[in-house]
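Q: Starting off with a structure, shown below.
The values are calculated or read from the model by the stated rules, or taken from the named source; none is laboratory data. The model shown is predicted, which means the values in this text are computed figures rather than measured ones. Please note: Cβ atoms are built from the backbone with ideal geometry, for glycine as well, and neighbour counts cover all protein chains shown.
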Amino acid sequence: MPIFRRLTATDLPDFRALNALFAEVFDDPDHYAAAPPDDGYAARTLAKDNVIALVAVEDEAVVGGLVAYELDKLEQARSEIYIYDLAVRETHWRRGIATALIAEVQAIATRRGAWVIYVQADYGDAPAVALYTKLGVREDVMHFDIPPLRKT
């Protein structure tokens, strides 16, 4: 079983390996590999308390990972954690790695007093839907990407 750990500002090689894993598993090199952040940006972001980047490392290679963000709420004095990315290298599927990564987030959420963890899944992604259904309650919602206003 891999070793699970949270990335810090000094873990830049594993951070880069995690982004490469996301690019590979999601088949999305444009978003994860085409314009990687420089070391300063990556270190500053990983140092933020609300940024949760976890890796599963086996034989010194990143075989799984998760990026989540803790969001402070205004309707009540509480926070929630949004799992933004979760991936496991295909050669390591069905070994409990994704479940273990989510369990790590659950432990962090408990320590921080977060009231919920949420994650999105794409229609047609049966493995993700099955995993999240096993761990939580499904809500059918719509997701919209709204671009920021462009400077003229």
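Q: Determine if the range 24-45 includes at least one residue that is among the small types (Gly, Ala, Ser), within 14 Å of the chain's Cα centre (by Cα) and at pLDDT 95 or above.
A: Looking for residues that are among the small types (Gly, Ala, Ser), within 14 Å of the chain's Cα centre (by Cα) and at pLDDT 95 or above, one finds none in the range 24-45, hence no.
Q: In the list 34, 68, 56, 20, which residue meets the criterion of being touching a Pro at 6+ places or on another chain (Cβ under 8 Å) and among the aliphatic types (A, V, I, L, M)?
A: From the options 34, 68, 56, 20, the qualifying one is 56.
Q: OK, next. Which of the residues belonging to the range 77-94 are more than 20 Å from residue 138 (Cα to Cα) and touching a residue at least 24 places away in the same chain (Cβ under 8 Å)?
A: Within the range 77-94, 78, 88, 89, 90, 91, 92, 93 meet the criteria.
Q: Going residue by residue through the range 124-136, is there one that turns out to be under 23 Å from residue 79 (Cβ atoms) and either exposed (fewer than 10 other Cβ atoms within 10 Å of the Cβ) or among the β-branched types (Val, Ile, Thr) (or both)?
A: no
Q: Next question, about the same structure. Could you list, ordered by first residue, the pairs with Cβ atoms under 9 Å in which the first is in the range 1-29 and closer than 19 Å to residue 108 by Cα and surrounded by fewer than 18 Cβ atoms within 10 Å (Cβ to Cβ) and the second is modelled with pLDDT of 95 or more and charged (D, E, K, R), at least 6 apart or interchain?
A: Cβ pairs passing all conditions: 3/58; 4/104; 5/11; 5/14; 5/104; 6/104; 9/44.
Q: Among the acidic types (Asp, Glu), over 22 Å from residue 22 (Cα atoms), outside any helix (DSSP H, G or I) and more than 13 Å from the chain's Cα centre (by Cα) - does that describe any residue in the range 80-94?
A: yes
Q: Within the range 34-46, track down each residue that is more than 22 Å from residue 98 (Cα to Cα), surrounded by 12 or more Cβ atoms within 10 Å (Cβ to Cβ) and either among the hydrophobic types (A, V, I, L, M, F, W, C) or touching a residue at least 40 places away in the same chain (Cβ under 8 Å) (or both).
A: Selection gives 42, 43.
Q: List, please: which pairs have Cβ atoms under 8 Å, are six or more places apart or on different chains, and start with a residue in the range 53-66 that is in contact (Cβ under 8 Å) with a residue 24 or more places away in the chain and end with one that is among the aromatic types (Phe, Trp, Tyr)?
A: Listed pairs, sorted by first residue: 53/15; 54/4; 55/4; 56/4; 57/4; 65/22.
Q: Determine the pairs where a residue that is in a loop (DSSP other than H, G, I, E, B), located within the range 117-134, has a partner that is surrounded by 12 or more Cβ atoms within 10 Å (Cβ to Cβ) and of a type outside the set (Gly, Ala, Ser) with Cβ atoms under 8 Å apart, the partner being 6 or more residues away or on another chain.
A: 121/129; 121/132
Q: I'd like the full set of residues that are among the hydrophobic types (A, V, I, L, M, F, W, C), in a helix (DSSP H, G or I) and within 23 Å of residue 90 (Cα to Cα), limited to the range 20-50.
A: 20, 21, 22, 23, 25
Q: Scanning the range 95-108 for residues that are assigned to a helix (DSSP H, G or I), of a type in the set (Gly, Ala, Ser) and in contact (Cβ under 8 Å) with a residue 24 or more places away in the chain, which turns out surrounded by the fewest Cβ atoms within 10 Å (Cβ to Cβ)?
A: Checked the range 95-108; the qualifying residue surrounded by the fewest Cβ atoms within 10 Å (Cβ to Cβ) is 100.
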